[in-house]
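A short write-up of the structure that comes next.
The values are calculated or read from the model by the stated rules, or taken from the named source; none is laboratory data. Only a predicted model underlies this, so the values are computations on that prediction, with no experimental measurement involved. Neighbour counts are summed over all protein chains in view; Cβ atoms, including those assigned to glycine, are modelled from backbone coordinates with ideal geometry. Quick note on the areas: whole protein, heavy atoms, side chains included, nothing else; ligands and nucleic acids left out. Shrake-Rupley method; radii C 1.70, N 1.55, O 1.52, S 1.80 Å.
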Amino acid sequence: MIFRLSLLVLLCCQSALAADIYKARFEARFDPASGTAAASMEIQQSTALLRVVDLAAPESQYSHFSGDGKIERQHDRLLWTVPASGGKLTYQVKIDHRKGAAYDARITDSWAIVRLDDLFPAARIRSLKGARSDSSLSLKGPAGWTFESRYGAVRKPLQFSTAGRNFDRPTGWLAAGKLGIRRDLIRGKRVALAGPLNQGMRRLDTLAFLRWTVPRLIKIFDDFPDRLLIVGARDDMWRGGLSGPGSLYLHTERPLISENATSTLLHELVHIATGSARQRDDWLIEGLAEYYSLEILRRSGGISQKRFDQTMQKLADWADREDGQLRSPSSGANTARAVLLLWNLAEELKQNEVGNLDQLVQELAGSENMTGQHLLLLTEAALGGRSSLLRKALAE
C-alpha cells in the first residue's frame, strides 16, 4: 500500500513538472549566396505557458519576420505574441558583421563563423510562473557542411540545457561549413577546436597549450564549463580573441603567447571562467583576465618568474606613461593599471597570511557582483580590517 501511494505521488509530481514545460525548437539554414540564414523559433505547448517573446532584433540585421500569432516591430525590438497552442516564428538573419575594418562574424561559400546568440537573439519573455523550455537546436546548410557548437556537433536536432534559464536559447560561438575539428578530454573537460580548412588553425599546437594550462585554470575557477569550443579563421577576420558562453573565437594567426608574455587565448578563457555577472566593472573583468593569463603561465612553467616580473614592470611603465586609471570600459593602460592592483593585492594578502587572491576571485566569480566595491568587501573580510591599498586605488 505504501509503495502504491509513493508511486502515485511520484507520478503526480512528474505530471505537474511536465505541465510546466513547453518545447522550444530553434532552427537555422545557412545560405552563402545571400549571406544570410533563414532562422526560426517554434514553440510547442498545450496551454498558454509562453505568451510573449520580446526579441532584440535591429532591422539592419533581422528582417522578413512572419509566423503564427501577433508579430509587432517596435523600433529595434520584435514582439511575438505566441498562440496559446504554440506556433512558429520565422525570420532572416544577416551573417556578416564588421568589427572595425575586419569581421567578427562572416559567411563564405565554404564556411561561416558566427555567434548562436546572433542567430537567435536575446529575448525578454512573459510566461506562466514556473514555466520553462525543453530546447533543441537544428542547423542546416549546403551539402558537405558540418556544424560545431558549444553543445557539441549538431548533426540532428540537438537537445541542450543551460542551468538557471527558463527560456533556454542557443548561445556561444558556432563554426559551420567544411571544417577541420580536433577534440580532446582535459581534466574532465570536453574540448573541441573547429575552423575552416586551409585557414591556418593550429589545432594540435593549441591542444598542447591547453593541456598544460587548463588544469591550472580550473584549479582557480572550479565552475569552468564542462565543454569548451574554440573556433578560428584567418581571411578578413578580426585579429584578436572574443569570448562567449562556453566558447571563444581566436584569429588563427594570433600567437598562443605574445612577445610581451601575455596570452590572448588564456585571457579569453578567464573571461569564460568568470562568467557574465549582472553587476560588473569592466576594469576588474579585464584586469582579472590579463592578470591570470600571466599568472597561469607562470604557475604552469610556461614563463619564468623573471619574465613574469619583467612583464609586470612593462605594465607599470605603460600605466604610468599613459596615466592608466581604474575606469570602464577598460583597455590598454587602464587594464595594465588593474593588473598591477591585483598583483599588489595578492602580495598584501600573502604578507598578512589571510588566504590568497584565488580565494577572493572564486567568491567573486561565484556571485552576480564583480565590482571593485565587492572586491573591497571580500578583501576586508579576509583581512579583518581596512585595505588601504584597495581603498586608495578605488578613490583615485
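What fraction, in whole percent, of alpha-carbon pairs in segment 274-371 exceed 18 Å separation?
In whole percent, the long-distance tail amounts to 49.
Using a cut-off of 18 Å between alpha-carbon atoms, which aspartates and glutamates can reach K392, once sequence neighbours fewer than 8 places away in the same chain are excluded?
Answer for K392, where 18 Å is the Cα cut-off: D281, D320, D323, E347, E348, E380, listed by chain and number.
Compute the FRET efficiency between K140 and T47 as 1/(1 + (r/R0)^6), taking r as their Cβ-Cβ distance and R0 = 22 Å, and round to the nearest 0.05.
E(calc), rounded to 0.05, equals 0.10.
Show which lysines lie in cross-link reach of K189 when reach means a straight Cα distance below 16 angstrom and same-chain residues fewer than eight apart are skipped.
Counting by Cα, and skipping residues close in sequence, K189 has these lysines nearby: K219.
Can you give me the orientation-averaged projected area of the convex hull built on the Cα atoms of the chain, in nm²?
24.1 nm²
Above 16 angstrom, tally the Cα pairs of segment 268-323 and express them as a % of all pairs, no decimals. Kindly include the intermediate steps, with their values, before the conclusion.
Details: 798 of 1540 pairs.
Counting pairs separated by more than 16 Å, the tail of P(r) holds 52 percent.
Once every DSSP H run of n ≥ 4 in the chain is given -39500 (n - 2.57) and the sum is divided by its residues, what mean residue ellipticity at 222 nm do you get, rounded to the nearest 500 deg cm²/dmol?
-11000 deg cm²/dmol
For segment 297-342, what does the convex hull of the Cα positions come to per residue, in cubic angstrom?
Details: hull volume 3.3 nm³, N = 46.
Per-residue hull volume (Cα only) is 71 Å³.
Using only the alpha carbon atoms of segment 161-317, find the Kirkwood hydrodynamic radius as the inverse mean reciprocal pair distance, in angstroms to one decimal.
Evaluated over segment 161-317, this radius sits at 16.4 Å.
May I ask you to list the lysines whose Cα is less than 26 Å away from that of K129, ignoring any residue fewer than eight positions away on the same chain?
Within the straight-line limit of under 26 Å, K129 reaches these lysines: K23, K70, K88.
Relative contact order for segment 328-396 using alpha-carbon pairs under 8 Å, separation at least 6, rounded to a whole percent?
Worked out over segment 328-396, it gives 28 percent.
How would you rank 175-181, 255-261, highest first, on the average number of other Cβ atoms within 10 Å across their residues?
Going from most to least packed, we get 175-181, 255-261.
For every other residue with a beta carbon closer than 12 angstrom to the beta carbon of A194, add +1 if it is Lys or Arg and -1 if Asp or Glu, then tell me the sum. It would help to have the intermediate numbers written out before the result.
Values: positive: R150, K178, R182, R183, R203; negative: E148.
Spelling it out: positives minus negatives among the neighbours equals +4.
Evaluate 2.2 N^0.38 Å with N set to the residue count of segment 18-66, then give the Cα radius of gyration divided by it.
Details: Rg = 14.0 Å, N = 49, 2.2 N^0.38 = 9.7 Å.
Relative to the 2.2 N^0.38 Å estimate, segment 18-66 comes out at 1.45.
Quick one: angle between helix 332-351 and the longest Cα principal axis of the chain, in degrees between 0 and 90, rounded to 10, please.
The helix 332-351 is inclined about 70 degrees to the chain.
At 7 Å along the Cα-to-beta-carbon direction for both A316 and D31, put a label point, then send me their distance in nm to one decimal.
Inter-label distance under the simple model: 6.0 nm.
From zero up to wherever the largest Cα-Cα distance of segment 214-262 sits, split into 5 Å bins and tell me the percent of pairs in each.
In order of increasing distance, the bins hold 5, 18, 21, 22, 22, 10, 3, 1 percent.
Over 22 Å apart: what share of the alpha carbon pairs of segment 165-258 falls there, rounded to a whole percent?
Pairs farther apart than 22 Å: 27 percent.
Taking Cα pairs under 8 Å and at least six residues apart, what relative contact order does the chain come out at, in percent?
Across the chain, relative contact order equals 11 percent.
Work out from phi, with θ = phi - 60° and the Karplus expression 6.51 cos²θ - 1.76 cosθ + 1.60, the ³J(HN,Hα) of each residue of segment 111-123, listed in order in whole Hz, and give x for Gly and Pro.
Each residue of segment 111-123 in turn: 7, 8, 10, 7, 7, 4, 4, 7, 5, 10, x, 4, 9 Hz.
Of all beta bridges DSSP finds with both residues in the chain, what is the antiparallel percent, to the nearest 5?
Antiparallel: roughly 75 percent of the beta bridges in the chain.
Counting only residues 5 or more places away or on other chains, whose amide H sits under 5 Å from the amide H of D134 once H atoms are built in the peptide plane?
Hits under the 5 Å cutoff: Y22, K23, A24.
Report the accessible area of D76, computed with a 1.4 Å probe over the heavy atoms of all protein chains in place, in Å² rounded to the nearest 10.
Estimated to the nearest 10 Å², D76 gives 90 Å².
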